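Since every read-out is calculated from the coordinates, none of them should be taken as a lab result. Because the structure is predicted, anything quoted here is derived from the model rather than measured. Note that each Cβ is placed from the backbone with ideal geometry, even for glycine, and that neighbours are counted across all protein chains shown.
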């Protein structure tokens, strides 16, 4: 066995673990981002883009699916660099906005192209692997506690939005 084969055999499980963790972290953002992404994708200005995306074949869909990941993933290290240079607010904002944009775009593209993407065996295998891991993790008390916490945050957000709408309906000067 060559050194390259040994290195590949050692690093493949590590790379797979890191990729799985990466996708699981993104999966935690989905319940928050999904409703917003669905609303944005229904904007009339995006109708032509949605039609074009749906017209792509499986590998064209995969290429398009990877574009936001490739373009927005470098935002995280840039945000970390800003944090390291004592621009904590800007760095955190950059990381959060980059992640929200990436997850929202990727989620909508997946929603539009899922059937085509699932015809690619490697993609379907990766998706199934990640889905099994997420199902496994959802059984843990820590995951369930995080879901309850997020639901409370959503409820508080809806209440705050309802109060803001009522206040604006009355008129701010009333």
Exercise. Could you tell me how many degrees, from 0 to 90 and to the nearest 10, lie between the Cα long axis of helix 141-170 and the main elongation axis, the longest principal axis, of the Cα atoms of the chain?
Key: 30 degrees
Quiz item: Which residue, 154, 163, 86, tops the fluctuation ranking in a GNM of the chain built on C-alpha contacts under 10 Å?
Solution: 163
Exercise. Quote the relative contact order of the chain in percent (integer), defining contacts as alpha-carbon pairs under 8 Å separated by 6+ residues.
Key: 24 percent
Practice problem: Just order 56-69, 38-51 by mean Cβ neighbour count inside 10 Å, highest at the front, would you? | Solution: 56-69, 38-51
Quiz item: the stretch 121-159 to the stretch 38-79: how many Å between their Cα centroids?
Solution: 22 Å
Quiz prompt | Degrees separating the helix 75-84 axis from the principal Cα axis of the chain, which is the longest one | solution = 70 degrees
Quiz prompt | Crossing angle, helix 3-41 versus the chain [Cα axis fit, 0-90 degrees, rounded to tens] | solution = 20 degrees
Quiz prompt | Whole-Å semi-axes of the chain's equivalent ellipsoid (Cα gyration tensor) | solution = 34, 23, 19
